[in-house]
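Participant: Below is a structure I'd like to ask you about.
The values are calculated or read from the model by the stated rules, or taken from the named source; none is laboratory data. On a predicted model such as this, the values are computed, not experimentally measured, just so you know. When we count neighbours, we look across all protein chains shown, and the Cβ atoms used for this are built from the backbone with ideal geometry, even at glycine.
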Amino acid sequence: MSRHILSRRGLLNLYRTAAALAVLFVGQSLLQAEVKVTTHTYKQVGDLKIKADVHTSGERAMRPVLVWIHGGALIMGNREGIDQRLKQACLDRGHAVVSIDYRLAPETQLPQIIEDIEDAFRWVREKGPELFGANPNAIAVSGGSAGGYLTLVTGYRVKPRPQVLVAFWGYGDLVGPWYSEPSPHLRHHEKKLTREQAFQQVSGPVISDARDRKGDGGGFYQYCRQQGLWPKAVSGWDPKTEPEKFAPFMPVKNVTSEYPPTLMIHGETDTDVPHEQSVMMAAELKRNKVEHRLISVPGGEHGLPGIDRTIIDENYRQAIEFIEGHLKR
């Protein structure tokens, strides 16, 4: 008799466990279903629609916003090149994540690219509250490589200024030898094109998504680095004879005491964007008494490939903590 009772109790427990697992599974599915992506045109230039993807989860008014700016040397990339880990961390905290396109070089030159960045933030502030519940007074900015550069640009070109910046292996200088002289690094010599071949790759119409370019933007970038032509290619100015023209577009030249709190992460052996670039920015931030932090990763190449996972985890923890700390003030 007792064994029969235990069997029924066991069966009841089994049903309860199954029910609980079903509820958990459904709950997780519903939670995942709440994550949505909407695509908006934040600006139109002629026939070109320049777009932003807005990632949200659940319903919330006055969401803090993370604006993500993709990298690619201002030549390559698109809004889908977003840091998934940072995105998920922000969504988990109820933020909106806005990943933007911008017109790409060399079909579009540097001043117009920066105009797109400024216009994107204007759109977030003006249209974001109605479209996706954005809090226009709680905006963080992040990006990697050229996106890190553009992140640093927002610290003085975007008005009102964002609340906090996180730049992954970015740069504040455009005219130094690293960009204006031929690169010795193997990573920049994987493709060999003649000048004519290189410029044929980027001879089409204006674009804001590299997938719409018929030519090979990566090959063009390689040519620029091999020849030390990148600054002139993206701006039209010669960095050796016209360095003053670059100054308004160089974060390292435009840090003031009003610059936003900034965290930078950079590998110490980066052969695409030298670690020195973040060191220079940190020095300017310190000189102007701006709250900042530089996380230097020993042995880290561009993008930190092969670095121990625990180090990467800690870097992200600090980045997210830095963002959260300044968005909640």
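Participant: Can you name the condition, by its number, that Glu284 falls short on among (1) without any contact (Cβ under 8 Å) to a residue 40 or more places away in the chain; (2) more than 19 Å from Arg85 (Cα to Cα); (3) of a type in the set (Asp, Glu)?
Facilitator: The number of the failed condition is (1).
Participant: For region 109-220, give me every one of the helices (runs of 4 or more DSSP H) that falls completely inside it and has 3 or more residues that are modelled with pLDDT of 95 or more and surrounded by 19 or more Cβ atoms within 10 Å (Cβ to Cβ). Spell out how you get there, then give the answer.
Facilitator: Details: elements: 110-132, 146-157, 177-180, 195-200.
Those helices (runs of 4 or more DSSP H) span 110-132, 146-157, 177-180.
Participant: Exactly one of (1) loosely packed, with under 13 Cβ neighbours inside 10 Å; (2) at pLDDT 95 or above is unmet by Lys328. Its number?
Facilitator: Lys328 satisfies every listed condition except (2).
Participant: Give just the number: which of (1) within 15 Å of Gln109 (Cα to Cα); (2) of a type outside the set (D, E, K, R); (3) in a strand (DSSP E or B) does Pro231 not satisfy?
Facilitator: Failed condition: (3).
Participant: Being among the aliphatic types (A, V, I, L, M), over 13 Å from the mean Cα position of the chain (by Cα) and not in a loop (DSSP other than H, G, I, E, B) is the filter here, so list the residues in region 71-108 that pass it.
Facilitator: Those that are among the aliphatic types (A, V, I, L, M), over 13 Å from the mean Cα position of the chain (by Cα) and not in a loop (DSSP other than H, G, I, E, B): Ala89, Leu91, Ala96.
Participant: Let me ask something additional. Any residue at all in region 160-179 that's of a type in the set (Asp, Glu) and not assigned by TED's automatic domain parsing to the domain that holds Ile113?
Facilitator: No, region 160-179 has no match at all.
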